[in-house]
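Before any comments, here is the structure.
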Amino acid sequence: MVDEQKVREQIVEIATQCYGRGLLVAGDGNISVRVAPNRIIATPSGVSKGRMKPEMMVVVDLEGNPLEPSDYKVSTEWPMHRVIYQARSDIHAVAHAHPPYATGFAVAGLSLDRAILSEVILTLGCVPLAAYGTPSTHELTDAIKPYLEYHDALLMANHGAVAYADTLEKAFNKLETLEHTCRISFIARALGNENTIPDGAVEKLFEIRERSGAIRPEARTGQVCAIGRAGEEGSRRGDGDGNEKVTLTRAELIELLMESARLLN
Ligand SMILES: [Zn+2]
């Protein structure tokens, strides 16, 4: 039997940390924990994450209907949580925020898909960018749905980030790791050189990660992230006659165009 009072206190603790770490401001973001298949405890709408109290938490079913009387309402962004819980029975906690570096990536149209830090490959894997969808509508849930099976964190274009795990602590860690990595990537890009780990070494990291069960093996086959597969594809492309199709992510295309523009200048 889950101690729901403890869950409420843990959500407040994590919300306070999100606020303290600057991962969100004012009434931004929302956190939830699934305590039974159709019973979820979530942060209330419109209250700053820096001023939450355990008794303010709302208890809802998967559809977002209140299961206990409360002065507070669940966030209008509830459908984002619902679609994650529906897609993944292994997920029991969701943390959504607008961390400045991760959200900066999402505004710039970039996913976190380069193998730059070995520990991030081990714990988080690559983080794709889902297309823009108006928050609280099916546009947003439709945009994130295709990635849920393969990834444990997502960037949402012109919006923010969401991370999810079997426990709230792990979901928060993933969100924090995502923000920290976007920050490091930003600094490396600002310094002019973002070197990546060699493909062979990335493959070894994938193996360690899958053996340890730290991350879903499915993440390796994620549709948008090419970590560890770039080499394979590159060599396959090299064998062609010049008519073969080449797939680029939006970020890669932008980078290619910017590089060409630089060369022309
Ligand atoms: Zn949001």
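Just so it is clear, none of the values below were taken in a lab; they were calculated from the coordinates. Only a predicted model underlies this, so the values are computations on that prediction, with no experimental measurement involved. Here Cβ is always computed from backbone atoms with ideal geometry, including for glycine, and neighbour counts include all displayed protein chains.
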**Study point:** segment 124-212: GluC sites (Glu not before Pro) in DSSP coil with no more than 12 other Cβ atoms inside 10 Å
**Key:** none
**Study point:** C-alpha long axis of helix 250-264 to longest principal axis of the chain, angle in °
**Key:** 40
Check your understanding: Quick one: Karplus J couplings for segment 195-204, per residue in order, coefficients 6.51, -1.76, 1.60, θ = phi - 60°, nearest Hz, x for Gly and Pro?
Key -> 6, 10, 5, x, 3, x, 5, 5, 4, 4
**Study point:** Length-normalised contact order for the chain - Cα pairs under 8 Å, 6+ apart - percent
**Key:** 17
**Study point:** ³J(HN,Hα), Karplus 6.51/-1.76/1.60, whole Hz, each residue of segment 102-111, x for Gly, Pro
**Key:** 4, 5, x, 4, 5, 6, 7, x, 10, 9
Revision key, fill the gap. Along segment 180-188, Karplus-curve 3J(HN,Hα) (6.51, -1.76, 1.60; θ = phi - 60°) to the nearest Hz, with x for Gly and Pro, reads 4, 5, 4, 5, 5, 4, 4, 5, 4
Practice item. Before rounding to the nearest 500, sum -39500 (n - 2.57) across all DSSP H runs of length at least 4 in the chain and divide by the residue total; then give [θ] at 222 nm in deg cm²/dmol. Key: -13500 deg cm²/dmol
Check your understanding: Which of the trypsin sites (Lys or Arg not before Pro) found in segment 67-122 are in a DSSP loop and have at most 15 neighbouring Cβ atoms, other than their own, within 10 Å?
Key -> K73
